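Right, one structure below, let's go through it.
The values are calculated or read from the model by the stated rules, or taken from the named source; none is laboratory data. What you see is a predicted model, and the numbers here were worked out from it, not measured in a lab. A quick note on method: Cβ atoms are made from the backbone with ideal geometry, for glycine too, and the neighbour counts reach across all protein chains shown.
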């Protein structure tokens, strides 16, 4: 699972880019009313939600790693700040999943037009707020507190002791 945690910074940027691109496509579809923009927005939104789900999975693993540093090495990691980051990440994924479901059914019924289209666009703008807040807390964790960086890990995990991510490997080697 250590690998999943290490993918979090990489995966999360794809989700952010896809969700922001979706909002841009939603705006363009609202203005130009081209069917290909509607289909593109739906597809990019789907990939954005999948990317957000991958970000949440890898983020949960990163959280467990941070907790293990806190528990095993008395590291002062701001777990409350991680909770806020997770709170906004959860809102982000479910908010955009809700928009995806709404878009899908409105398109299926051929009713995605007029005020419903404007309402979905407004909902997507609210979603940008959740993306921003998630990133704000995530950035503070990394840049202010060093969470998830090798620098903080090297400063706290003694050289002669295994760090929490490879502890299982060391235990397996001792068993054989």
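Kindly establish whether residue 125 is under 21 Å from the mean Cα position of the chain (by Cα), surrounded by 14 or more Cβ atoms within 10 Å (Cβ to Cβ) and either modelled with pLDDT of 95 or more or more than 18 Å from residue 30 (Cβ to Cβ) (or both).
So residue 125 does not fit the description; no.
Could you check how many residues of the stretch 34-50 are over 21 Å from residue 61 (Cβ atoms) and in contact (Cβ under 8 Å) with a residue 24 or more places away in the chain? Reasoning before the result, please.
Step one: list which residues in the stretch 34-50 are over 21 Å from residue 61 (Cβ atoms), which gives 34-47.
So of that shortlist, the ones also in contact (Cβ under 8 Å) with a residue 24 or more places away in the chain come out as 38, 41-42, 44-47.
Selection size over the stretch 34-50: 7.
Would you mind finding the one in 111, 39 that is within 21 Å of residue 123 (Cα to Cα) and not in a helix (DSSP H, G or I)? Walk me through how you get there before you give the answer.
Values: 39 fails: not in a helix (DSSP H, G or I).
Among 111, 39, only 111 is within 21 Å of residue 123 (Cα to Cα) and not in a helix (DSSP H, G or I).
Kindly evaluate residue 88 against the criterion of being at pLDDT below 95, buried (at least 17 other Cβ atoms within 10 Å of the Cβ) and assigned to a helix (DSSP H, G or I).
Here the answer is no, as residue 88 does not meet what is asked.
Restricting attention to the stretch 129-148, which residues are surrounded by 17 or more Cβ atoms within 10 Å (Cβ to Cβ) and in a helix (DSSP H, G or I)?
130, 131, 133, 134, 135, 137, 138, 141
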